[in-house]
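Input: a single structure, listed below in structure tokens.
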Amino acid sequence: MVAEKEDIEGESLRIECPVLVTERLVLRPPHPEDIPDIARLAHNRRIAGMLARMPHPYGEAEARAFVDMTAKGQFGGCSYALTIAETGTFVGCAGLHPKELGLELGYWVGEPYWGKGYATEAAHALVDVAFRATEIDVLHVACRVINAASRRVIHKCGFQYAGQGMMDSLAAGRVPTERYTLDRKTWVGLRQWPGN
């Protein structure tokens, strides 16, 4: 994995995005075969309202556009389909993307798969990639203030509260968020995630 630093109106990161295998998941690029599952799971206001870029309603046209844009690298960073290792079942998406403050972690899991620890497992893998594949000193993440489940994932990954902000959500409008950071020194101390 190689990270390159480029100056394009500030510093941005481009990461080579390897396929990641965790205890129960495979994180890989989204494929055209995922389009029906992405559309089915993402067409959920409870998910879209927690994210900035996910519209609602969400259908196969939006899923196809997402897969195409990801394949062309138009989001920057890494975008992953989360799939169950044993069955290949698509359960959600996650990624690392350059934002104004630096590299940011993001994720969503389809409602039928909530409460199974998939978001935490994927987030741990992506935090490790962020610090191993780049020279960043700080990784960022944010969640809506009403998203207790996402906040639990963030805390399990060792992120620390960094303040509040606002997010423009395609599905929910302008909404308040909590921002969190994880620095490299803390990550080094946490490298052995619980359960590994």
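Quick look at the values:
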{"item": "Filter result (buried (at least 21 other Cβ atoms within 10 Å of the Cβ) and either on the phi > 0 side of the Ramachandran plot or of a type in the set (Val, Ile, Thr) (or both)) within the range 137-156", "result": "Val141, Val153, Ile154"}
{"item": "Subset tally (residues that are within 13 Å of Lys156 (Cα to Cα) and touching an Asp or Glu at 6+ places or on another chain (Cβ under 8 Å)) for the range 108-136", "result": "1"}
{"item": "Test for Thr83: is it surrounded by fewer than 18 Cβ atoms within 10 Å (Cβ to Cβ) and within 14 Å of Tyr118 (Cβ to Cβ)", "result": "no"}
{"item": "Matching residues, the range 42-60, being small (Gly, Ala, Ser) and either modelled with pLDDT under 95 or surrounded by fewer than 18 Cβ atoms within 10 Å (Cβ to Cβ) (or both)", "result": "Ala52, Gly59"}
{"item": "Check on Phe159, surrounded by 14 or more Cβ atoms within 10 Å (Cβ to Cβ), free of Cβ contacts under 8 Å to residues at least 24 places away in the same chain and among the aromatic types (Phe, Trp, Tyr)", "result": "yes"}
{"item": "Check on Leu20, touching a strand residue (DSSP E or B) at 6+ places or on another chain (Cβ under 7 Å), surrounded by 14 or more Cβ atoms within 10 Å (Cβ to Cβ), over 28 Å from Gly173 (Cα atoms) and at pLDDT 95 or above", "result": "yes"}
{"item": "Which numbered condition Ala63 misses (of (1) in contact (Cβ under 8 Å) with a residue 60 or more places away in the chain; (2) crowded, with 21+ Cβ neighbours inside 10 Å)", "result": "(1)"}
{"item": "Glu6, sole failed condition from (1) charged (D, E, K, R); (2) modelled with pLDDT of 95 or more; (3) outside any loop (DSSP other than H, G, I, E, B)", "result": "(2)"}
{"item": "Scope the range 177-196; condition farther than 16 Å from Phe131 by Cβ and either outside any strand (DSSP E or B) or over 19 Å from the mean Cα position of the chain (by Cα) (or both); matching residues", "result": "Pro194, Gly195"}
{"item": "Meets criteria (in contact (Cβ under 8 Å) with a residue 12 or more places away in the chain and under 11 Å from the mean Cα position of the chain (by Cα)) for Ala130", "result": "no"}
{"item": "The range 23-41, subset aliphatic (A, V, I, L, M) and over 12 Å from Val67 (Cβ atoms), residue surrounded by the fewest Cβ atoms within 10 Å (Cβ to Cβ)", "result": "Val26"}
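The values are calculated or read from the model by the stated rules, or taken from the named source; none is laboratory data. Being a predicted model, the structure only gives us computed values, none of them experimental. Don't worry about glycine lacking a Cβ; one is built from the backbone with ideal geometry, like all the others, and counts go over all protein chains shown.
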